[in-house]
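Below: the structure, in structure tokens.
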Amino acid sequence: MDYPYIEGRSKLIPGHLNKLPNEFSRRQFVITAGAIAIFLPLGLLPHHLAAAVTAYAGTISALKKGVVAETIAHRRYVLFGRLAKKDGYKGLAYLYTALATSELIHAQNYNRVLATLGELPVEPKAEEMPIGTAKENLIYAAEREVNSIENTYPDLLRQVEAEGHADAISAVGYSWASHKQHRDIIKKIRRWSPSHFETVARKIDKSTDRYYICRICGSTVTETPEEACPVCREPPGDYRLISPGRFL
């Protein structure tokens, strides 16, 4: 699947979590998904999938919650970006688009792991989301990012580590690490936006250059690394530019 606003075709295919220990090929994913679709409604699953569901019940629950949280965040950031662009905050619109793309990659990574555990992809229902002003949205986004770094991801990681599923641990670890890349900047935005929103927003507009997203883990950077992604350690060729033309 290709991601919105990302330049170049994505190589993230269903079941491909790159170097994770239990990597699925496209063919394996299709076979597994087909088996789940056929047998799950009948209350039957192939033995190895039924065993996985039993052994990793806590991991499955945690990953499903993660998919919901990441998907809702993706949708909300898309809406934030549209509003910011409409209000003339091009840098904010571009920032939200990068965040939305990263969140989508995280959600899809969790769904890939769930498929190996005999679960159908989680697709949260579309619901109307309350959207505030540009200022309120930026404050909300900063609060959410800090809360994800300090609470959400540590909690998810503890849940999946308890059952030792290597792919799940890697997927959640990727999500947490990619968010922590910009913790200091996000905290400054959270601190100053309530009282100096226009200054913060215009500074983001002026300082925004380019955002690149790692298609494997969702790492977001302004310059591609020379040797490897700092999060998943994959080659820098796995980064793609979030197309800035429509924003800058």
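We did not get these values from a lab; they are worked out from the coordinates using the rules stated. Every value quoted in this text rests on a predicted model; they were computed, and no experiment measured them. We place every Cβ from the backbone using ideal geometry, glycine too, and count neighbours over all the protein chains shown.
Just list whichever of Lys86/Lys125; Lys64/Lys135; Lys65/Lys90; Lys125/Lys188; Lys135/Lys206 have alpha carbons separated by over 28 Å in the model shown.
Distance filter (> 28 Å) returns Lys64/Lys135; Lys65/Lys90; Lys125/Lys188.
Check which residues have an amide H placed less than 5 Å from Ser243's amide H, if you skip close sequence neighbours.
The list, which skips near neighbours in sequence, is Ile6, Glu7.
What does the net charge come to around Arg158 if you take all other residues with beta carbon closer than 14 Å to its beta carbon, with K and R at +1 and D and E at -1? Show your work: numbers first, answer last.
On the way: positive: Lys65; negative: Glu150, Asp155, Glu161, Glu163.
Neighbour charge sum, excluding Arg158 itself: -3.
Dipole of the stretch 105-202, Cα-centred, from +1 at each Lys and Arg C-beta and -1 at each Asp and Glu C-beta, to the nearest 20 debye?
Working: 12 positive and 14 negative charges, 113 e Å.
It comes to approximately 540 debye.
Please rank Glu161, Glu119, Glu103, fewest neighbouring Cβ atoms within 10 Å first, as an exposure proxy. Please report the intermediate quantities before stating the final value.
On the way: Glu161 15, Glu119 22, Glu103 25.
Going from sparsest to densest Cβ surroundings: Glu161, Glu119, Glu103.
Cut-off is 10 Å between beta-carbons; in what order do Ser243, Ser193 appear when sorted fewest neighbours first? Write down the numbers at each step before the final one.
Numbers: Ser243 17, Ser193 22.
Going from least to most buried by this count: Ser243, Ser193.
If each residue's Cβ is checked for other Cβ atoms within 10 Å, how do Thr208, Thr97 rank with the fewest at the top?
Numbers: Thr208 19, Thr97 28.
Least crowded to most crowded, the residues run Thr208, Thr97.
In sequence order, what are the phi-derived ³J(HN,Hα) couplings for the stretch 74-84 according to the Karplus relation 6.51 cos²θ - 1.76 cosθ + 1.60 with θ = phi - 60°, rounded to whole Hz, with x for glycine and proline?
Values, residue by residue: 4, 5, 5, 5, 4, 5, 4, x, 5, 5, 4 Hz.
Under 8 Å for C-alpha pairs, at least 6 residues apart: give me the relative contact order for the stretch 120-248, rounded to a whole percent. All intermediate terms of the calculation are to be shown ahead of the outcome.
Working: 114 pairs, mean separation 26.5, N = 129.
That works out to 21 percent.
Quick one: divide the alpha-carbon radius of gyration of the stretch 74-223 by 2.2 N^0.38 Å and tell me what you get. Provide the component values of the computation, followed by the final result.
Working: Rg = 16.1 Å, N = 150, 2.2 N^0.38 = 14.8 Å.
Normalised by 2.2 N^0.38 Å, the Cα Rg of the stretch 74-223 equals 1.09.
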